[in-house]
Structures are given as structure tokens and as C-alpha cells.
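What follows is calculated from the coordinates using simple rules that are stated; it is not laboratory data. Just so we're clear, the structure is a prediction, and the values are computed from it rather than from any experiment. Cβ: placed from backbone, ideal geometry, glycine included. Neighbour counts: every protein chain shown.
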Amino acid sequence: MHSTAPAATAASRKRAVNLTLSEGLVAQARTYTSNLSATMEELLAAYVAQKQQTGLTRQQQADTCAAEWNAVHAAVGSFADEHSTL
């Protein structure tokens, strides 16, 4: 997982990008912000941070599950051990 924090993103070099947004939504957003680019960057940084956290949480859950399964296997063995074809 990448660990770029939203604050680090704000300090990064900026570059122009093309976005296609609903005309009506842009008009509504302009009533709440005078800097649509900064608002979009803030929202995108929050979105990326949330996705990174979701991925980290999912990985931690998978690691926990694997560790618990390995503990069970170490304690009682595998059902398949009794049915070896060798």
C-alpha cells in the first residue's frame, strides 16, 4: 500500500488534468467554493486516504485470519493428512 498522506499530496507539484464533470454539479459547487481545484484536490486526497485505509484494514484482516488458521493447523493438523494417497 502507498502511504502518501493528504498533507504530503497538497505540498506536491501540481499539474493540470482534464476532468469531465456535470455542468449543473459544477455550478452548484461554485456556490460553495471559490476554488474548485483546491476543493477537488481535498476531496480526492480524502478519497485516496480512505481507499488506502480500507486496503490496509483488509490486509490486516487477511493476515489475522491466516495466523489463526495456521495456529489451528499447528494444534490439530489437517483433515487431509489422514487421507494421503502416498
Per-selection Rg to Rh, segment 15-61 - Cα, Kirkwood hydrodynamic radius:
1.14
Linear extension gain, Cys65 paired with Thr20, 0.36 nm per residue minus alpha-carbon span:
12.0 nm
Going toward the positive end of the dipole of segment 7-73, with +1 on Lys and Arg Cβ and -1 on Asp and Glu Cβ, which of Ala16, Gln28, Ala49 do you reach last?
Ala16
